[in-house]
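Worksheet: the structure to be examined is printed underneath.
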Amino acid sequence: MPTAPHTAPRAGRRNRWGEHGLAWAFLLPSLVVFVLFIGYPLGRTIYLSGHANDLFGAPSRYVGMKHYTDLLTSADFRRTLVTTALFTLFTVVPGVLGALVLVLLLENRIRGVRLLRSAFALPFAFSVASASVVFAVFFNPASGVLNGLLSHVGLGPIGWLTDSRYALVSVAVTTVWMNLGYNVLVLSAGIGSIPGEIVEAARIDGASGLRLARSITVPMLGPNLFFLTVVSTVHALQSFGQIHILTKGGPDGSTRTLVYSVYEKAFAYGSSDFGTASAQAVVLLVVVLACTAVQFGVLERKVHYA
Amino acid sequence: MNKSARALAALLVAGLSLTACSSSGDSGSGSGGSNDAAAPGAQALDQASGVTGVEFWHSMTGKNAEVLTGLVNQFNAAHQGKIEIKPQFQGKYDELVTKYKAAVQQKGTPALVQVYDIGTRFMIDSKQTVPAQAFADKDAFSLDDLDANIRNYYSVGGKLQSMPFNSSMPLLYLNTDAFKEAGLDPAQAPKDLDELGELAKKLTKKDADGKTVRYGFGAAIYGWFVEQLLAESGTMYCDNDNGRSNKAGKVVFDSAQGARIVQWWADLVKGGYAANTGRTTDDAQAAFKAGTVAMHLESTGVLRGYTEAAKFGVGTAAFPKVTAADQGGPVIGGASLWISGPGHSDAEKRAAWEFEKFLTAPEQQAAWHTGTGYFPVNKKSLDDPKDKEWVAKYPQFQTAIDQLKATKPTPATAGCLLGVMPQARKGVETAIEQTIAGSKPAQQALADAAKELQPAIESYNSSVG
């Protein structure tokens, strides 16, 4: 032990090369994957967004920023952006708040709470496709459960997926249900990791119920809530499966989000307009980055990391 | 660290959204040399050594795929050691065309490909195929057995471009029990839109609470029906005689006739006389099969499924005209088979042609017709004893036969030949939705759809020169 201070610097210098080399060696696989599957497609997308396409979708000639300026002046694209924003709002806010309410309720010592907790986490196990198909059955205009229930109270029928006033909300409800399981799981884990002595102390001070939730539980869940908000936002901006299965962007484009628009331009209806689709994909990337940056810049300041 | 790691994670997830658009390859379109478009003679197969494999892309599923596989096996068995057709399901018609485009870029097209009717202009412009006419001329093979209307659809400049295979037509389907219940005679089917609208009102049934238990009319919001109604009224869908006399430069579906059709449809929905099940044809079919819709538009291809599933009498009638005075008829839809030129050996092309001839022979078309409900493309198939037996068993199909016989081939009934036809169809569907939602009157919605489509048409036409 006493000899250690003498040998350390020399060994350190010799090791630094080795350590750096080792670090790079460890990083290399993920770096290769990153460049191959993220870097190259990103570069390729930006390249494609500046080119017109031939009949088969291959880039044919350079058009500069034309696709971007076309998007900026397109009323259709503005509508797509608004739809995307609404869809994000309709899925993130109810998804996170709903899970929070459920988790707080589950804190009560009621019989079978463990069973309930598992039950609420269950949607996590559903694939997007199967959940969407189940909801499509609920929403079916002729034989769906929802219109069946409505008819008992003398209402409806409502075209959940076929009426442009309801379609976006219907798809959002489906998405909220799908996300709920994961959100409940994350928040349950968060509550479980709140130190018992803090809750104990609050209870000794006479706090319980709402007061305990407002002053202790929710603030202590800050990091989890923040994480969920960021992840749900990114998820919402990239939702595709449920839109594709439930509405295909319709009716009248009322559920056409940015991702769906990218798909339509590139692959649907024999369009092969990879230039415009790529430009939209770049816009999507910018939107996702901007949302994430704002959330980190504004929301995270208010998060208390224990 | 934690923070930047999460930011990185967010970036990664965001990046994934971009990968979907990057699947197109570098290479441009393979240009078809003059030799590629020539049809080889029968000696190409005789000179070939070993088994000539033919990759065959198709979009058939379920029962249709079963019957197709049976026909392929029959052909392969008859040409053992010489030709092997290798069928590959490539998704729905739209998806197949998307994959075909990628295959052209990668210079790996299948030797034989099934493409839907509205992909015809694109397939010609792709310059990747050998016209069926070239083979027929080489062999002095008569195409006269093909139904005139079907042949008309796939012919451009008087030359048959591809071999029709699975053809279908729209019919008006009736729930005859609903007719009888309402005191109506199902034999007196509506002949035009006004009659159809009047009957829809009579056939709509409400329960004691005022809830609609059966709609008079219901069809999927499917642009194909509007194309059919326009053809019935003898109206063009796109300019230059539906793109038949010259390449179409614009769509003209925003005509008075077009507006009349779309407005009629929307008014029935808004009045509560027609069910709106959206664009999904499956949902519209389910509504008819469940008996919640009394009159319904669908293809002949679903007839057999309906008669098997429905717990009520299924009747068929001729697809409606727009007005009683209309002289047109339906456009024959479905898909045809294209033989690839560039990148394929003469033996492959020849083998694909042999298979096409086999598939469209009277016997095979009769088997196809009776097995699937598609209309036989070969006129002689209807004289086949097995086919006659089938039509006797399903007399509803006689409607389709009569309907096609009564249709004179004209540019209107040949259907619009347009490179961006799938997008045009989608535009009309959006216009119907807008009119139903009341956000625009039909005329305006169609005019907007046409306007929105114009850049796509121009960009398509400029890219094919």
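None of the figures in this text is laboratory data; all of them are computed from the coordinates on show. Treat the numbers as computed from the prediction; the structure is a model and nothing was measured. Here the Cβ positions follow ideal geometry from the backbone for every residue, glycine too, while neighbour counts run over all protein chains shown.
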Quiz prompt | Relative contact order [Cα under 8 Å, 6+ residues apart], segment A:144-239, whole percent | solution = 20 percent
Quiz prompt | segment B:389-397 - phi-based ³J(HN,Hα) in whole Hz, Karplus 6.51/-1.76/1.60, Gly and Pro as x | solution = 4, 5, 5, 5, 6, 10, x, 4, 6
Quiz item: From the backbone phi of segment B:175-192, what are the Karplus-calculated ³J(HN,Hα) couplings (6.51 cos²θ - 1.76 cosθ + 1.60, θ = phi - 60°) in whole Hz, Gly and Pro given as x?
Solution: 8, 5, 4, 5, 4, 5, 4, 8, x, 10, 9, x, 6, 8, 6, x, 9, 9
Practice problem: Could you list B:E195, B:E227 in order of exposure, starting from the residue whose Cβ has the fewest other Cβ atoms within 10 Å? | Solution: B:E195, B:E227
Exercise. Kindly write out, for segment A:26-32 in residue order, the coupling ³J(HN,Hα) from the Karplus curve 6.51 cos²θ - 1.76 cosθ + 1.60 (θ = phi - 60°), rounded to whole Hz, with x marking Gly and Pro.
Key: 5, 6, 3, x, 5, 5, 4
Self-check item: Tensor-based shape of segment A:69-302 (alpha-carbon gyration tensor, a/c under 1.5 rounded, otherwise prolate or oblate)
Solution: oblate
Practice problem: Before rounding to the nearest 500, sum -39500 (n - 2.57) across all DSSP H runs of length at least 4 in the protein assembly as shown and divide by the residue total; then give [θ] at 222 nm in deg cm²/dmol. | Solution: -17000 deg cm²/dmol
Quiz item: So which aspartates and glutamates pass the test for B:K289, namely a Cα distance under 15 Å, with those fewer than 8 places away in the same chain ruled out?
Solution: B:D177, B:E298, B:E308
Quiz item: Hey, in the GNM for chain A with a 10 angstrom Cα cutoff, which one of A:D205, A:D76, A:D54 fluctuates hardest?
Solution: A:D205
Self-check item: Residues of type aspartates and glutamates that B:K386 reaches as a straight line, Cα spacing below 13 Å, ignoring anything fewer than 8 places off in the same chain
Solution: B:E363
Quiz item: So which of B:K211/B:K426; B:K63/B:K86; B:K127/B:K451; A:K66/B:K426 end up more than 23 Å apart, counting from Cα to Cα?
Solution: B:K211/B:K426; B:K127/B:K451; A:K66/B:K426
Quiz item: When a footprinting reagent is the concern and you count Cβ atoms within 10 Å, what order do A:I204, A:I216 take, fewest first?
Solution: A:I204, A:I216
Exercise. Would you please give the residues with an amide H less than 5 Å from that of B:K86, counting only those at least 5 places away or on a separate chain, with H modeled from the backbone geometry?
Key: B:V54, B:E55, B:F56
Practice problem: Pull up all non-local amide H partners of B:D192: gap of 5 or more, or a different chain, and H-to-H distance under 5 Å with H placed in the peptide plane. | Solution: B:K321
Quiz item: Taking a threshold of 21 Å on the Cα-Cα distance, which of the pairs B:K92/B:K405; B:K205/B:K270; B:K92/B:K349 fall above it?
Solution: B:K92/B:K405; B:K92/B:K349
Exercise. Have a look at A:R211, A:R44, A:R16 and tell me which one the Gaussian network model of chain A (Cα, springs below 10 Å) gives the largest fluctuation.
Key: A:R16
Quiz item: Which value, in nm² and rounded to one decimal, describes the direction-averaged projected area of the C-alpha convex hull of segment B:185-310?
Solution: 9.1 nm²
Practice problem: Run down the aspartates and glutamates and flag those whose C-alpha is under 12 Å from the C-alpha of B:K201, throwing out any fewer than 8 positions away in its chain. | Solution: B:D267
Self-check item: Cα gyration tensor, the protein assembly as shown - rounded (a/c under 1.5), prolate or oblate
Solution: oblate
Exercise. For B:L171, list long-range residues whose amide hydrogen, built 1.01 Å from N in the peptide plane, is under 5 Å from its own amide hydrogen.
Key: B:E298, B:S299, B:T300
